[in-house]
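Inspection log for the structure reproduced underneath, given as structure tokens.
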Amino acid sequence: MYEYIQGQLVELNPTYAVIDTGNIAYFINISLNTYSGLEGKEGVKLYLHQVVREDAQLLFGFAEKQERELFRLLITVSGIGSNTARMMLSSLQPIELETAILESNVNVLKSVKGIGLKTAQRVIIDLKDKIGKTDTSEVLNIPESGIKKEEALSALVMLGFNKTAVDKTLSKVIKENPDFSVEELIKIALKRL
């Protein structure tokens, strides 16, 4: 598997870039976010993800490692292929996509072309726990308290508590004690529920 490619930008299009690494030029599929990051540059570096299929070997490139990690998470969801994941990352900024998943905002995900209700729900169910545990959220500036809240909420709902009641209680606890760990949040919430 390739980690990154560095070279001269020969051609740039909203869906692909051609990078010359010295006698070999690579065709790399990109998202609109990466396209925006490459505009006006000559020497570039893209983090790669390779997809090997029976009929093709494709390279997907990302200006930021965090976008590539989010892409890799998206393609683990049943029904989301590499092109659909790229479409999601082209329609929404990575921070918007992560926030929509963490907040279970189905409507934001459904706004992406080709994503229906069931697929949006599947993305949320499959990735909500994984996104809070990756380092992408730190770099994309998702508040740490939001991640802690989601983990505590998930744990308490699995214990059988009402999601709405837990959500309200956790919001109050976090407001009073923003530096609490997930375990401390759960303990305080359990006393108040």
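The values are calculated or read from the model by the stated rules, or taken from the named source; none is laboratory data. Note that the coordinates shown come from a computational prediction; the quantities given were computed from them, not determined experimentally. Every residue, glycine among them, receives a Cβ derived from its backbone with ideal geometry; neighbour counts consider all protein chains shown.
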Practice problem: Find the residue count for the range 108-136, including only residues that are out of contact with any Asp or Glu (no Cβ under 6 Å at 6 or more places or on another chain), part of a helix (DSSP H, G or I) and under 24 Å from ALA152 (Cα atoms). | Solution: 14
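Yes or no, residue by residue, for (1) modelled with pLDDT of 80 or more; (2) within 30 Å of SER31 (Cβ to Cβ); (3) among the hydrophobic types (A, V, I, L, M, F, W, C); (4) touching a helix residue (DSSP H, G or I) at 6+ places or on another chain (Cβ under 6 Å):
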position: GLU138; (1), (2), (3), (4): no, yes, no, no
position: SER145; (1), (2), (3), (4): no, yes, no, yes
position: VAL166; (1), (2), (3), (4): yes, no, yes, yes
position: THR169; (1), (2), (3), (4): yes, no, no, yes
position: VAL182; (1), (2), (3), (4): no, no, yes, yes
position: ILE186; (1), (2), (3), (4): yes, no, yes, yes
position: LEU190; (1), (2), (3), (4): yes, no, yes, no
Exercise. Would you point out the residue of the range 12-31, among those that are touching a Leu at 6+ places or on another chain (Cβ under 9 Å) and among the polar types (S, T, N, Q), that is modelled with the highest pLDDT?
Key: ASN29
Exercise. Residues being assigned to a helix (DSSP H, G or I) and either within 15 Å of GLY116 (Cα to Cα) or not charged (D, E, K, R) (or both): count how many of those fall in the range 63-86.
Key: 9
Exercise. Could you identify the single residue in ASN29, ASN105, ASN13 that is over 22 Å from LEU127 (Cα atoms) and either small (Gly, Ala, Ser) or within 18 Å of the chain's Cα centre (by Cα) (or both)?
Key: ASN29
Quiz item: Among the residues of the range 17-38 satisfying the criterion of being hydroxyl-bearing (Ser, Thr, Tyr) and outside any loop (DSSP other than H, G, I, E, B), which is farthest from GLY7 (Cα to Cα)?
Solution: SER36
